[in-house]
Structures are given as structure tokens and as C-alpha cells.
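Quick note: the coordinates plus some simple rules give every number you see, no bench work behind them. Model, not experiment: these values are computed from the prediction. Heads up, the Cβs are rebuilt from the backbone with ideal geometry, glycines too, and the neighbour counts pull from every protein chain shown.
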Amino acid sequence: MARRRRGNFRFGVLILAITIAAFLWGVAHGSSSVERAYDIPVEIRGLKDKFVVTDMSTDALNVRIGGSRAALRNLEPNDLVYDLDLTGVKRGEAEFEVDASRVEEQLPRGSRILSRSPSKVVVRVELKGRKAVSIRADIAGEPAEGFRLVGVEVDPHRVWLIGARSEVLRLNEVVTEPIDISELSETEERRVRLFLGGGTVWKEEKGPVTVHIEIEPDPPDAQGAEDGEAGPGSPARKG
């Protein structure tokens, strides 16, 4: 009986020791310090409606965050954002020192910002312009042999642009990306992008731009004329 009790006692002590060791390992593992780098998007707020940002030195901050493993496990990188307050900013170039505390206040307890890059954000602000202009389809190539291009229709045929006023007001039309119709033998509709220049002008509407390309077979008499065959009432070609 005594031996059995001793065996049970030793087994119980062993289980207790394993439990304590696992607890201490978990505590040590959870509290050990780690570092990780994240890219945090820069979001603009406070800018007056009559202005538009035409250039920004960066659209994201790279921050190195340190803390316990447990704290960083609770961190949701997609929830982090750096708000850049442009309240009171006027036309021209403005420089802002990056305030890491704006990110740090979003972090879980037990973590902190160790470094951030860049240390400054430079933005260029200009007066906003708005104008409606026509859209021209940029057609390249020729349809397949025996077919011809009948017409091209753009929907919508006009688009509202916003952006730097000096750039918007000088535009009378915008052009689509090149649309290659080489070897095309049937009518098609294609969604296309617009070529808006250097990035200081944007399309106001979010909807797509569609180009309707109408293709039909060449009339037989037109094909014959191209091949050198004389049609009714057509003069014969000299050999």
C-alpha cells in the first residue's frame, strides 16, 4: 500500500512540475521582446474643398514596432493609418514632421514605435479645377482582310475631370489607351482606360469607359475594286 502511495505521489509531482514548466515557458515566450516592420498608409484630412493635393513625397510610412510577442499578436496592421492633417494649408508646398505618437496611440498595450521612415512628408497643394471634356478613342491597326471599320462610339462620350486647375482648364479632350483592332472580324465592345497625363488630373466619375467598335464585311463590289476587278460602270484598270 505504501509503495502505491509513493508511486501516485511521484506521478502527481511530475505532472505538477510539467504544468509549472509549461506555464513559465508560456509566460517567457509571451513576454519576450520582438520587432516587426509595417507599411502604414498616409491618409489626408482637413483639406479645404477648393484645393487638391497634386503631389506627395510618400503615401506610406515604414514603421518598426517593438513589444512582447503577445502584444504584437494582437496587432492588426490593416487597422493602422497615419492621418495627415492639412487644415489651414494654402496653395503651394508644405512640409510636415511625422508625429509617431499618432500611430503609437493605435497600438496594443505592450508595444511601441522604435523608428519611422521618412521623418517628414512633403505635399504640394493647388487650386482645384473641374471641367467636362470629350473622349476620343485611339484606334490602331486595320480589321481582318475582307472587313472594314464602320464606326467607333465611346460611352460616355464626355467625362468630368478634376485636378490641378491649371492642368484641367487647358484640356479640351482626353484620349483612350490605344485600341488595337488588327485582324478584327466582328463588332466588339471594350472597356478602356483614359490617358490623363502626368497624374495631376483625375476622372471624377468612377464608372467605366466603353468603346463600341463596329466591324462589317466589305461589300463585294468594294472587294472587287480593291482586287482590280471592274464593277458595273467602273473603268477598267490599265495593265
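How large is the direction-averaged shadow of the alpha-carbon convex hull of region 137-225, in nm²? Mind dumping the intermediate values first?
Numbers: hull surface 26.4 nm².
Taking the Cα atoms of region 137-225, their convex hull projects to 6.6 nm² on average.
Determine, for Arg45, Arg91, the number of other Cβ atoms within 10 Å of each Cβ, and report the residues in order from fewest to most. Before the final figure, lay out the partial values.
Details: Arg45 9, Arg91 12.
So the ranking, lowest neighbour count to highest, is Arg45, Arg91.
If each residue of separation counts as 0.36 nm, what is the full-extension length gain between Leu171 and Val133 once their alpha-carbon separation is subtracted? Write out the running numbers ahead of the final one.
Details: separation 38, 0.36 × 38 = 13.68 nm, distance 0.72 nm.
Roughly 13.0 nm would be gained on extension.
Can you give me the C-alpha center-to-center distance between region 84-123 and region 137-201, rounded to a whole angstrom?
So the two Cα centres are separated by 40 Å.
Of the trypsin sites (Lys or Arg not before Pro) in region 99-173, which ones lie in a loop per DSSP and count no more than 13 other C-beta atoms within 10 Å?
Working: sites: Arg102, Arg109, Arg112, Arg116, Lys120, Arg124, Lys128, Arg130, Lys131, Arg136, Arg148, Arg158, Arg165, Arg170; in loops: Arg109, Arg170.
Loop-located and lightly packed - Arg109, Arg170.
Taking 41 Å as R0, compute the FRET efficiency from the Cβ-Cβ separation of Val81 and His212 and round it to 0.05. Can you show the working numbers first?
Values: r = 41 Å, r/R0 = 1.01.
The computed FRET efficiency comes out at 0.50.
With +1 on each Lys and Arg Cβ and -1 on each Asp and Glu Cβ, and nothing else charged, work out how big the dipole of region 137-225 is about its Cα centre, in Debye to the nearest 20. Intermediate values should be presented prior to the final figure.
Working: 9 positive and 19 negative charges, 166 e Å.
Using only the charged Cβ atoms, the result is roughly 800 debye.
What does the charge count around Lys50 come to, taking other residues whose C-beta lies under 12 Å from its C-beta (Lys +1, Arg +1, Asp -1, Glu -1)? Could you put the intermediate results ahead of the total?
Numbers: positive: Lys48, Lys90, Arg91, Lys128, Arg130, Arg165; negative: Asp49, Glu126.
Around Lys50, the charge tally is +4.
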